[in-house]
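Undergrad: The structure that follows is given in the form of structure tokens.
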Amino acid sequence: RRTRRLAPAASTRRGSVGMATDDLALLPSLNDASVVELLEQRFKGRQIYTRVNQMLLSINPYEELGLYTAEALERHRRVGTGGPPPEPHAFGVAAEAFTGLLSAQSQSVLVTGESGGGER
């Protein structure tokens, strides 16, 4: 279970979600305003991936952010080997699915988005 917390969230015109997290399921209050606020904060911080339990949300930044490096791949390849979990990332979804396959568990990965949204 991902319980890593990030820096305290800044207040916005709608209030504050308190401590920001990389998993929407861990928000103390799950409502439209808190979800939008957290996603806005993460997007402004160039963190385009956010978890919702086992789901991964991605917001298209329409620019290259340097997220797909050999170092990022290596961080996510070690998922489940101890230590703190890495940040949410598409590489993490792939690593978790592969680990599940190796332990004989069926896996499904659904990728969806707007046409031309970069979901390839």
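Undergrad: Could you look through the range 70-97, keep only residues that are touching a Lys or Arg at 6+ places or on another chain (Cβ under 7 Å) and closer than 15 Å to ILE48 by Cα, and pick out the one that is modelled with the highest pLDDT?
TA: The qualifying residue modelled with the highest pLDDT is PRO88.
Undergrad: Inside the range 44-92, can you point out the residues that are farther than 21 Å from LEU110 by Cα and assigned to a helix (DSSP H, G or I)?
TA: Hits for the range 44-92 are LYS44, ALA70, GLU71, ALA72, GLU74, ARG75.
Undergrad: Do you know which residues across the range 28-59 are more than 16 Å from ALA94 (Cα to Cα) and open to solvent by 50 Å² or more (accessible area, probe 1.4 Å)?
TA: Selection gives PRO28, SER29, LEU30, ASN31, ASP32, VAL36, GLU40, PHE43, LYS44, ARG46, GLN47, ILE59.
Undergrad: Let me ask you something else. Enumerate the pairs (first residue in the range 62-78 and among the aliphatic types (A, V, I, L, M); second residue anywhere and assigned to a loop (DSSP other than H, G, I, E, B) and open to solvent by 50 Å² or more (accessible area, probe 1.4 Å)) with beta-carbon separation below 7 Å, excluding pairs fewer than 6 apart on the same chain, so at least 6 apart or on different chains.
TA: What qualifies is LEU65/ARG46.
Undergrad: Moving on. It is to be established whether one or more residues within the range 61-69 are out of contact with any Pro (no Cβ under 7 Å at 6 or more places or on another chain), at pLDDT below 90 and open to solvent by less than 60 Å² (accessible area, probe 1.4 Å).
TA: no
Undergrad: Which residue pairs have Cβ atoms under 7 Å apart, sit 6 or more places apart or on different chains, and have a first residue in the range 79-95 that is in contact (Cβ under 8 Å) with a residue 40 or more places away in the chain and a second that is in a loop (DSSP other than H, G, I, E, B) and of a type in the set (Asp, Glu)?
TA: Within 7 Å, the pairs are GLU87/ASP22; PRO88/ASP22.
The values are calculated or read from the model by the stated rules, or taken from the named source; none is laboratory data. All values reported here derive from a predicted model rather than from experimental measurement. Cβ atoms come from the backbone with ideal geometry, glycine included; neighbour counts cover every protein chain shown. For accessibility, only protein heavy atoms count, side chains too; no ligands or nucleic acids. Shrake-Rupley method; radii C 1.70, N 1.55, O 1.52, S 1.80 Å.
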